[in-house]
1. Does region 154-170 include one or more residues that are crowded, with 24+ Cβ neighbours inside 10 Å and in contact with a His (Cβ under 8 Å, 6 or more places away or on another chain)?
2. Part of a loop (DSSP other than H, G, I, E, B), open to solvent by less than 50 Å² (accessible area, probe 1.4 Å) and either over 30 Å from ILE266 (Cβ atoms) or modelled with pLDDT under 80 (or both): which single residue out of PRO57, PRO22, PRO26 fits that description?
3. Can you tell me which of VAL160, VAL152, VAL196 is closer than 21 Å to LEU53 by Cβ and modelled with pLDDT under 90?
4. Among the numbered criteria (1) in contact with a Leu (Cβ under 8 Å, 6 or more places away or on another chain); (2) open to solvent by less than 10 Å² (accessible area, probe 1.4 Å), which single criterion is violated by GLY173?
5. Scan region 86-128 for residues that are in a loop (DSSP other than H, G, I, E, B) and of a type in the set (S, T, N, Q) and report the count.
6. Taking only pairs six or more apart or across chains, which ones have beta-carbon atoms under 7 Å, a first residue in region 226-238 that is closer than 20 Å to LEU120 by Cβ, and a second residue that is of a type in the set (Val, Ile, Thr)?
7. Tell me which residues, restricted to region 127-152, are within 11 Å of the chain's Cα centre (by Cα), open to solvent by less than 30 Å² (accessible area, probe 1.4 Å) and under 24 Å from VAL71 (Cα atoms).
Amino acid sequence: MTAPDSGSGQGPTATVSPAQNPNRNPATSTPVTALLLAAAGAAVIIVTYVMVLKTQPATLGQDLGTTTLWVMAGYLAGAVLIAAGTLPLIPRSIFALMPVAIALNIVIGQIIGTLTPIPLYLDSLGTVIVGVLAGPAAGALTGVLSNVIWGVTINPTVIVFTAGGAFVGAAAGWAARLGAFRRFWTALIAGLVVGVPAGAVGAPVAAFVYGGGLGVGTGTVVATLQAAGLEMLQATTAQSLFSDTIDKALIFLLAFFVLRSLPKRIVGRYAFAWHSLSGAR
């Protein structure tokens, strides 16, 4: 695996194949039970997401009443099932990094989304880093846990975006497997591509449940588009597609540089990172 030199910071210095990595995930095939559990968790989250859209609960995020509790219960149940399904597929070494990644998501997202006029989120940087280092399953689990923990502890409004968080984490792993993180410009393009479906998934929730953008910056963009004559859903969709494509492009680019700056001893723990570092330039 090609890994960055921890001393000079000048980039890759050695090549080690996944087969030579003693810390690689020993699983050679995906257990059927793991797939079924992960699929069941995804189904629960999707059903909860659809129910939120259909019922459009006006009190969600305002208090811990019945509405918020059943939405939380749905996402928590989905998260537990996804965790049970993905755990056998995730290298054990990634669990030490996952709490740091989740904290990074929450801190950056809370600051950028609620305290600044920037129409971005940047709340999935930790998720993408985990996806690049350990694969789609680890990325998806990090995305789910980030939104659930963030929603339960600080901001209940984010829990309805759990499906989007899981998608971004999984997409980062898929993009890494295709070699998107071997070069900065392919990482940027991958982020732009991922941002389109991510924005499309989040737009209906923001429009129907919350009446537009949730953050200071995103809400301003939605209000401006509405003043220009667009309907709520049209304005929110345009804002989401604009914000998410730029947001995910920046996050994927930042993840590329973070990956290059990590010490060799850390990157070497994750065999999946070989997809991003082998032949990097």
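The values are calculated or read from the model by the stated rules, or taken from the named source; none is laboratory data. Here the structure is a predicted model, which means the values were calculated and not measured. Neighbour counts are summed over all protein chains in view; Cβ atoms, including those assigned to glycine, are modelled from backbone coordinates with ideal geometry. The area values use the complete protein model at the heavy-atom level, side chains included, leaving out ligands, DNA and RNA. Shrake-Rupley method; radii C 1.70, N 1.55, O 1.52, S 1.80 Å.
1. Scanning region 154-170 turns up no residue that is crowded, with 24+ Cβ neighbours inside 10 Å and in contact with a His (Cβ under 8 Å, 6 or more places away or on another chain).
2. Numbers: PRO22 fails: open to solvent by less than 50 Å² (accessible area, probe 1.4 Å); PRO26 fails: open to solvent by less than 50 Å² (accessible area, probe 1.4 Å).
Of the residues listed, the single one that is part of a loop (DSSP other than H, G, I, E, B), open to solvent by less than 50 Å² (accessible area, probe 1.4 Å) and either over 30 Å from ILE266 (Cβ atoms) or modelled with pLDDT under 80 (or both) is PRO57.
3. Residue meeting the stated conditions: VAL160.
4. (1)
5. Quick first cut of region 86-128, residues in a loop (DSSP other than H, G, I, E, B) only: 90-91, 97, 116-124.
Still in the running and of a type in the set (S, T, N, Q): 116, 124.
Selection size over region 86-128: 2.
6. Final answer for the pair search is ALA235/VAL222; THR236/VAL222.
7. THR127, ALA138, GLY139, ALA140, LEU141, THR142, GLY143, VAL144, SER146, ASN147
Results for (1) open to solvent by less than 40 Å² (accessible area, probe 1.4 Å); (2) modelled with pLDDT under 95, shown as yes or no for each residue.
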site	(1), (2)
LEU233	no, yes
THR236	yes, yes
GLN239	yes, yes
SER243	yes, yes
LYS248	yes, no
PHE256	yes, no
ARG269	no, yes
